[in-house]
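The values are calculated or read from the model by the stated rules, or taken from the named source; none is laboratory data. Every value quoted in this text rests on a predicted model; they were computed, and no experiment measured them. In this analysis, Cβ positions are derived from the backbone assuming ideal geometry, glycine residues included, and neighbour counts consider all displayed protein chains.
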Amino acid sequence: MASRDAILRLPVALRQSVVTSRPSLASLAPSSPCSSSPRPYATETTHATPESSVNHDEVSHFNAMASDWWDPHGSSRLLHLMNPLRHQFIRRCLAPDGLDPDRKMRYLDIGCGGGIFAESAARMRNVESVTAIDPTPEVLAVAKKHRRTDPLLLEPGRLTYLQTSIEGLQTPSDKQYDVISLFEVIEHIQRPNPFLQSILKQLKPGGWLIGSTIARTPVSWFTTKFVAEDILRMVPRGTHDWNQYIQPQEMRDWARGQKELNTSDGVGWHVMGVVYVPGFGWKEVKGSEAWGNYFFAVKKREGAV
């Protein structure tokens with residue numbers, strides 16, 4: 001049984017046992033009023049000029065993790081183990097599109113960290129270029145240094161790292177991206193709605209926004225905060241804030257509120273629950289998106305601006 005101190009560290013909403021599968025967050029919808037849910041700031045309306053989504057406390061936290069980012073047994077171990085599932089999920093999303101195998105796609109990787117996914121994407125045959133952005137200077141320095149270990153990644157335009165927020169990224173409309181990846185990022189963003197709105201401006205019509213995050217449930221608090229951070233120390237303490245986790249239904253309801261997105265099951269919307277199994281790594285578990293880690297994907301409609 002958890003100690004009294006551990007119980008006291010529970011988020012207030014969890015201690016009061018008011019967590020439901022669909023809290024009064026109003027699903028991140030831009031027109032939703034603020035509420036008393038665990039994420040009231042998620043419903044703030046978008047400013048005409050979006051403010052930076054960068055949280056400087058988060059930047060400091062990930063700076064401290066930079067030195068062992070590429071150590072497969074270090075603080076980023078779970079990210080290394082998850083990377084194959086990222087590619088599996090992307091292939092699943094793109095498969096129904098019937099893309100020309102010779103067509104080269106442009107990727108934007110947001111919150112790229114030390115480049116685990118960005119490097120692997122840049123090596124794929126059907127990828128023209130990968131632009132990887134992150135606001136954390138020490139982590140980007142690690143990414144750029146590791147890129148030099150593979151001559152392929154040094155080809156001009158193959159893999160570009162930029163220290164910027166999504167709001168500060170300037171992309172001409174004819175250079176929008178086919179795939180925008182957002183892996184293990186949105187749970188670190190305090191105001192998801194304007195952040196996601198900024199991302200959609202960078203996405204090409206017919207393109208995919210593909211990410212991963214964590215459902216906000218008692219199970220996810222126990223596994224990601226109490227067990228992973230406090231007991232097993234698999235990730236550094238303070239990596240996650242349970243209050244900022246997002247339910248899959250909240251993500252989908254937000255997407256349904258964007259006229260340029262297609263949220264039809266299996267056509268424009270996909271979700272995949274995954275569970276970490278010690279000794280075996282990450283495994284897809286159907287239905288687990290309702291209480292733990294999950295991937296999500298949504299497609300921008302053809303002809304959308």
Output yes when any residue across the range 197-214 is surrounded by 17 or more Cβ atoms within 10 Å (Cβ to Cβ), touching a helix residue (DSSP H, G or I) at 6+ places or on another chain (Cβ under 6 Å) and of a type in the set (D, E, K, R), and no when none is. no
Of the residues Lys145, Lys204, only one is among the charged types (D, E, K, R) and in contact with a strand residue (DSSP E or B) (Cβ under 8 Å, 6 or more places away or on another chain); which? Lys204
Check Leu99 against each of (1) of a type outside the set (D, E, K, R); (2) surrounded by fewer than 16 Cβ atoms within 10 Å (Cβ to Cβ); (3) in contact with a Gly (Cβ under 8 Å, 6 or more places away or on another chain) and name the one condition it does not meet. (3)
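Could you tell me which of the residues Arg158, Arg86 is surrounded by 21 or more Cβ atoms within 10 Å (Cβ to Cβ), in contact with a helix residue (DSSP H, G or I) (Cβ under 8 Å, 6 or more places away or on another chain) and either under 18 Å from Trp208 (Cα atoms) or not acidic (Asp, Glu) (or both)?
From the options Arg158, Arg86, the qualifying one is Arg86.
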Among the residues listed as Arg86, Arg125, the single one being modelled with pLDDT under 95 and either not aromatic (Phe, Trp, Tyr) or not in a helix (DSSP H, G or I) (or both): Arg125
Looking across the range 215-241 at residues that are in a helix (DSSP H, G or I) and of a type in the set (Asp, Glu), the single one that is surrounded by the most Cβ atoms within 10 Å (Cβ to Cβ) is Glu229
So Pro137 passes all but one of these: (1) surrounded by fewer than 17 Cβ atoms within 10 Å (Cβ to Cβ); (2) under 22 Å from Phe296 (Cβ atoms). Which condition number does it fail? (2)
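Any idea which residue in the range 172-181 is nearest to the chain's Cα centre (by Cα), counting only those that are buried (at least 16 other Cβ atoms within 10 Å of the Cβ) and among the hydroxyl-bearing types (Ser, Thr, Tyr)?
Taking the range 172-181 as the starting set, the residues that turn out to be buried (at least 16 other Cβ atoms within 10 Å of the Cβ) are 176-181.
Remaining after also requiring among the hydroxyl-bearing types (Ser, Thr, Tyr): 177, 181.
Values: Tyr177: 16, Ser181: 7 Å.
Looking at the filtered set, the residue picked out is Ser181.
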Here are some residues: Glu250, Glu289. Which one is in contact with a Ser or Thr (Cβ under 9 Å, 6 or more places away or on another chain) and assigned to a helix (DSSP H, G or I)? Glu250
